[in-house]
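The values are calculated or read from the model by the stated rules, or taken from the named source; none is laboratory data. All figures in this text were calculated on a predicted structure; none of them were measured in a lab. All Cβ positions, even for glycine, are placed from backbone atoms using ideal geometry, and neighbour counts span all protein chains on display.
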Amino acid sequence: MRYGIVGFGTAGYHGVKEIRKYDPTGTIHVYGDTGMAPYNPMLTTYYAAGKLSYEGMFPFGTLEEMEKKYGFSYEKRPVKRVCAKERSIETDQGSAVYDKILIATGARAVDPAIQGLSAEDRFLMRTIFDGERLRKRVETGQVKYAVVIGASMVGIKVAELLNQQGIGTCLVDLADQIFPLSAYPDVAREIEGRVERQRVTLHFSTTIDHMERRDEGQTAVLTNGEEVPADIVVLCIGTRANVELMADAVEVKRGIVVNRRMETSAPGIYAAGDCCEGNDLESGQTQLIGLWANANHQGMTAGANMAGHFQEFQGNILHNITHFMNMDFIGFGDNRISGEILEHGDLQNGLYIRLVCQGGRIVGANILDHYRISGIIKNYMLRLFAGDRQEVPDYQRGMLVKAGIPETFMDKIAREING
Ligand SMILES: Cc1cc2nc3c(=O)[nH]c(=O)nc-3n(C[C@H](O)[C@H](O)[C@H](O)COP(=O)(O)OP(=O)(O)OC[C@H]3O[C@@H](n4cnc5c(N)ncnc54)[C@H](O)[C@@H]3O)c2cc1C
């Protein structure tokens, strides 16, 4: 059997590992465009901040180690086209045919043109190279002011790292609040207050219009007319799935559409990670999920099935788990869906949890400063979405109680879920 893997981030790596588990002799050919072992993009802000070494970015070891361990060959060559009908992978050196192909090309940062913003002052935060570039620029000591566009989990971490370097930092978002896709409005207000008290300026319901050079320095002019000083601009306004290499015959929406076995609509072609739309357990639709653990599970599922071992990944829900500026925010599910609200704790004093329940499921959750309970809550939400009405197991209930969630609150959840 000949396997072709396109893209070598965490999804591609887990695909290779799992293929090798079930097929010790097949030929695995990996195409990557970096020439590097898979790194963790989640850590780029820590790397940019100087809190993590270069080696610390690579959680699975070196390329040489893994080539030896899993017996694959790696070609540093961007793939130009994957032809599903012929099952071929094309590079500038020609094309090769495979029995099974895994597309694991991830996503790239959205990078719109901004009038007056020079390439040198414009930054993104997706790749290890983005982290390195920002780090080097900050290290020059020449950056006094920065504007970060996008109040997401990436934007807030970039704002934090710049603020910690003593750079006057302004965070801007077109939405009217921080974490627009995951925080309930009053939770967002509390977070915004804490962020502002740590001297990051917030501008909502607006975005950057253009840059102007003045005698006193560079200025970002926002769409609402406000002006903020900005030696650099960091764009953290989301990602776009890398799907342009798919030549034909594969269903692509915002990402490559896959089923629970990570099969695309074309036989023999699989996809995993940020380039694909998998099952969103909450909506029942396919959706870009864009999470590390999700990419790992999808990669493993694809690899197993490619090597002839039946495996399914049920899917995931949207989530945001972010530690920043001395706080933890956790948002699960869709914050636009309303329902019965169950709350415990106090927003101002931390250790706060809000669950929104509807139809015997928890459709959304916000947790502030209580990250230890997040895994249990997320898994409970996932089980409910999968149709399993069991209550939180006793040992997990004990862990929640130990973490400060009272029995009475647990009883309330059980009553709400079971009707
Ligand atoms: C700053 C930041 C913070 C994040 N925070 C979190 C978080 O808190 N929690 C969380 O769960 N997730 C977080 N994520 C998201 C998480 O890192 C991704 O979901 C995950 O890394 C996706 O892995 P992947 O393998 O699908 O894609 P990638 O890591 O993007 O890997 C894809 C690889 O394919 C290569 N490639 C692309 N096109 C081609 C081609 N044509 N030919 C050959 N190779 C190609 C790319 O260069 C890349 O090496 C964060 C991401 C960033 C950037």
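Listing for the model above:
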{"item": "Members of the range 203-218 found to be assigned to a strand (DSSP E or B), closer than 21 Å to ASP173 by Cβ and not charged (D, E, K, R), listed by number", "result": "HIS203, PHE204, ILE208, HIS210, MET211, GLN218"}
{"item": "Residue pairs meeting the criteria (Cβ under 9 Å; at least 6 apart or on separate chains; first part of a loop (DSSP other than H, G, I, E, B) and within 15 Å of the ligand (Cβ to nearest atom), in the range 230-255; second hydroxyl-bearing (Ser, Thr, Tyr) and at pLDDT below 95)", "result": "CYS236/SER152; ILE237/SER152; GLY238/SER152; GLY255/THR286"}
{"item": "Single condition VAL363 does not satisfy, out of (1) without any contact (Cβ under 8 Å) to a residue 24 or more places away in the chain; (2) closer than 21 Å to ASN294 by Cα", "result": "(1)"}
{"item": "Flag if THR62 is within 21 Å of the chain's Cα centre (by Cα), polar (S, T, N, Q) and surrounded by fewer than 17 Cβ atoms within 10 Å (Cβ to Cβ)", "result": "no"}
{"item": "Filtered residue count, the range 301-355, keeping only those that are charged (D, E, K, R) and buried (at least 16 other Cβ atoms within 10 Å of the Cβ)", "result": "3"}
{"item": "Enumeration of residues in the range 280-332 that are among the small types (Gly, Ala, Ser) and farther than 23 Å from ARG261 by Cα", "result": "GLY331"}
{"item": "Test set (1) part of a helix (DSSP H, G or I); (2) at pLDDT below 95 - ARG194 fails condition number", "result": "(2)"}
{"item": "Selection count, the range 140-163, where residues are touching a residue at least 60 places away in the same chain (Cβ under 8 Å) and either in the same structural domain as ALA11 (by TED's automatic domain parsing) or surrounded by fewer than 15 Cβ atoms within 10 Å (Cβ to Cβ) (or both)", "result": "2"}
{"item": "Yes/no for LEU181 being in contact (Cβ under 8 Å) with a residue 12 or more places away in the chain and assigned to a loop (DSSP other than H, G, I, E, B)", "result": "yes"}
{"item": "Any hit, the range 401-409, residues being surrounded by 12 or more Cβ atoms within 10 Å (Cβ to Cβ), at pLDDT below 90, closer than 19 Å to VAL356 by Cβ and not aliphatic (A, V, I, L, M)", "result": "no"}
